[in-house]
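Structure, as structure tokens:
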Amino acid sequence: MNTKRLEVFLPLIGVAGLVAIWSGATFLKLVDPVLLPSPASTFDAFWKGMDGRLGFDFAKTVYRTAMATVIAAVIAIPLGIVLGASERVYRSLEFVIDFFRSTPASAMFPLFLVLFGVGDETKISVAAFGAILVILFNVAYGVMNARKTRLLAAKVMGASRLRVLFDVMLLESLPQTFVGLRNGVSLALVIIVVAEMFIGSQDGLGHSVFEAQQLFDMPRMYAAIFAAGALGYGLNLLFLLIERRFVHWSGK
Amino acid sequence: MTVAQHALRPDPSGVPSTAPGVGFSKRPHVTIRGLSKRFDTAVIYDNFDLDIPRGELISVFGPNGCGKSTLINMIAGLIPVDAGEILFDGMRLDEIKFGYVFQNYREALFPWMRAFDNIAYPLKMMNVPAAERKARTEKLVAHLGVKIDLNLYPYKMSGGQQQLVSIMRALVVEPEILFLDEPFSALDYEMTLFMRDQLQKLFMESGTTMVLVSHDLEEAVYLADRVLLLSRHPARVADFKVVRSARPRTDATLSDADFVQTKAHCLDVFQREVRRA
């Protein structure tokens, strides 16, 4: 009974272990302190930074990632349903989708720079481009792989084609749609952070990491990396929680 | 063989007659004439005729791949026929109310709806107002004396409970005919025995014509008023055997002399058809 209750804290062991090794390494000066600052100074930089400049950069990155994901979802979900509802339409576009899905979105930066300039639009649209293809692919797949028995059951009960689409296919595709959304938001974050590093950026977590590195302000650089990690983890968790709330039957 | 011959006999008038003594006590419910179906090169049905009597439970039994499920799927409109006519009291499928129970209840139920809403869903398709849907579903549940928490989602229920929900969903429209495609073959033995008796109870209470596909001879005979024995494809009626055992049938029925004899007869016909290949 007692051990069961303590099992909740198991994940903390890994965190404690990492911090312990890190502290040991800096305390014993196993690594050049310029390259690896102590956990305390990193945490200090994180704490103070989130209250100021780092917090601002964090918010910028959240905004861009969210915009890219929302735009991608709004375009990709309806399109994915249309594609998935007709296997012929999907098969005829499968190669094109698969090709661009496999193309590194970062390879599109120069093109989007020409199209949209150096502002937020470029970063958001490249990230949205990457996320669209991932979400589209998953939604179409989810719709196409709707359980045949369930579609037949609806048909046998007198559901029209449109009804089957909205009452069954759409709901059937939701678990796979969320897989797409989670992958999509992760990819959007990756692209946004990279874009913030290189395309004449003034802010954002990518810019923060890059700038700190240029100034050799290592605690600040590690703090920005942790902020990016926390953001990625948080976004994934957020989508998982939304999924568990609204797609309670997923995997059952 | 007289019954089988009767079932096979084409009726020139189109209205099947009732031959006293060997035929049905009432007018047939379903008349199948000239049914043909092929999958690629395999001819499953070729000019197949059959009358299904009203208010009886018919078990369909036959060799593997002979087209048992294909038959009820064609009658229920799940797969198209190549040729032939299937009428219900002279009406087409889209003019009647019917229910269908799938073998795979896990995939047939809607996991995003609570069991109660699953049962009420066909009424929604018939544009029944929400309040009446609720009332009719509650009435059915009360009538059947079902003691399951219908506020649960299907995936929180046992297999037997899920299949019971499936059957209720098929019954809620008060169908004229109910099709069941191996409804218990995904359940464990204990649950199968329980569900057989549940189905018998439902049948006795509703008097709905039921067509059940089974791969278990004992189950087929136990539940049926008549066992439709099919040959290998192209399927013919090998026999349409009346089961005389009184209802409600119980465990004692299984060792009843009449029942044992009927089952042995069906097994004989089945073996003969299997060996014919």
Mind checking which of B:Ile119, B:Leu164, B:Ala131 is farthest towards the positive end of the stretch B:116-207's charge dipole, using Cβ charges of +1 (Lys, Arg) and -1 (Asp, Glu) about the Cα centre? B:Ala131
So for the pair A:Trp47, A:Val15, with labels modelled 7 Å out along Cα→Cβ, what separation do we get in nm? 1.5 nm
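Considering only DSSP states other than H, G, I, E and B, which trypsin sites (Lys or Arg not before Pro) in the stretch B:198-262 qualify as loop sites with at most 11 other Cβ atoms within 10 Å?
Answer in residue order: B:Arg244.
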Once B:Ile52, A:Ile13, A:Ile77 are ranked on solvent-accessible area with the largest value leading and a 1.4 Å probe, the list reads A:Ile13, A:Ile77, B:Ile52
Once both axes come from the Cα atoms, what is the angle between helix B:130-144 and the longest principal axis of chain B, in degrees from 0 to 90, rounded to 10? 60 degrees
Stokes-Einstein at 4 °C, 1.567 mPa s, Kirkwood radius from Cα pairs: D for the stretch A:59-246 in µm² s⁻¹? 73 µm²/s
Summing -39500 (n - 2.57) over every DSSP H run of at least 4 in chain B, dividing by its residue total and rounding to the nearest 500, the 222 nm mean residue ellipticity is -11000 deg cm²/dmol
Would you work out which of B:Ala76, B:Ala142, B:Leu193 lies farthest towards the positive end of the dipole of the protein assembly as shown, given +1 charges on the beta-carbon of Lys and Arg and -1 on that of Asp and Glu, about the Cα centre? B:Ala142
For the pair A:Trp22 and A:Asp98, the simple spin-label estimate (label points 7 Å beyond Cα toward Cβ) gives in nm 4.2 nm
Using the Cβ atoms and a cut-off under 12 Å, what net charge is assigned to the surroundings of B:Gln198, where Lys and Arg are +1 and Asp and Glu are -1? +1
Cα gyration tensor, the stretch B:140-184 - rounded (a/c under 1.5), prolate or oblate: oblate
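About its Cα centre, what dipole magnitude does the stretch B:27-81 give when the only charges are +1 on Lys and Arg Cβ and -1 on Asp and Glu Cβ, stated in debye to the nearest 20?
For the stretch B:27-81, the charge dipole is close to 100 debye.
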Past the 34 angstrom mark, what percentage of all C-alpha to C-alpha distances in the protein assembly as shown do you count? 56 percent
Loop trypsin sites (Lys or Arg not before Pro), the stretch B:108-200, which have at most 15 other Cβ atoms in a 10 Å radius of their Cβ (DSSP): B:Lys147
Add -39500 (n - 2.57) for each DSSP H run of 4 or more in chain A, then divide by its residues: what number comes out at 222 nm, to the nearest 500 deg cm²/dmol? -26000 deg cm²/dmol
Nearest 10 degrees, 0 to 90: helix B:115-125 Cα axis against chain B principal axis: 70 degrees
Relative contact order (percent) for chain B, with alpha-carbon contacts under 8 angstrom and 6 or more residues of separation? 25 percent
Amide N proximity, the stretch A:190-225 versus A:Ala40 label position 7 Å along Cα-to-Cβ, cut-off under 18 Å: A:218-220, A:223
I want the local charge near A:Thr149. Using Cβ-Cβ distances under 9 Å, sum +1 for each Lys or Arg and -1 for each Asp or Glu among the other residues. +3
Trypsin sites (Lys or Arg not before Pro) lying in DSSP loop within the stretch A:1-72, provided at most 15 other Cβ fall within 10 Å: A:Lys29
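Summed for both chains, how many Å² of accessible area, to the nearest 100, are buried between A and B with a 1.4 Å probe? Provide the component values of the computation, followed by the final result.
Numbers: alone 15110 and 13140 Å², together 26330 Å².
Summing both chains' loss of accessible area gives about 1900 Å².
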In square angstrom, rounded to the nearest 10, how much accessible surface does B:Trp112 have for a 1.4 Å probe? 30 Å²
Have a look at the DSSP beta bridges in the protein assembly as shown and tell me what percent are antiparallel, nearest 5. 55 percent
Using the beta-carbon distance between B:Lys147 and A:Phe198 and R0 = 60 Å, what value does 1/(1 + (r/R0)^6) give for FRET efficiency, to the nearest 0.05? 0.35
Ranked order, B:Tyr105, A:Tyr233 - accessible area, probe 1.4 Å, largest first: A:Tyr233, B:Tyr105
Computed from the beta carbon distance with a Förster radius of 45 Å, FRET efficiency for B:Glu132 and A:Ile75 to the nearest 0.05 stands at 0.65
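Stretched out fully, how many nm does the piece from A:Glu7 to A:Arg91 gain, at 0.36 nm a residue minus the Cα gap?
Using 0.36 nm per residue and subtracting the Cα-Cα distance, I get 25.5 nm.
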Determine the dipole magnitude for the protein assembly as shown: charges of +1 sit on the beta-carbon of Lys and Arg, -1 on that of Asp and Glu, nothing else is charged, the reference point is the Cα centre, and the result goes in debye to the nearest 20. 520 debye
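The values are calculated or read from the model by the stated rules, or taken from the named source; none is laboratory data. The structure displayed is predicted, hence computed values, not measured ones. Please note: Cβ atoms are built from the backbone with ideal geometry, for glycine as well, and neighbour counts cover all protein chains shown. To get the accessible areas, we keep the full protein, side chains included, count just its heavy atoms, and leave off ligands, DNA and RNA. Shrake-Rupley method; radii C 1.70, N 1.55, O 1.52, S 1.80 Å.
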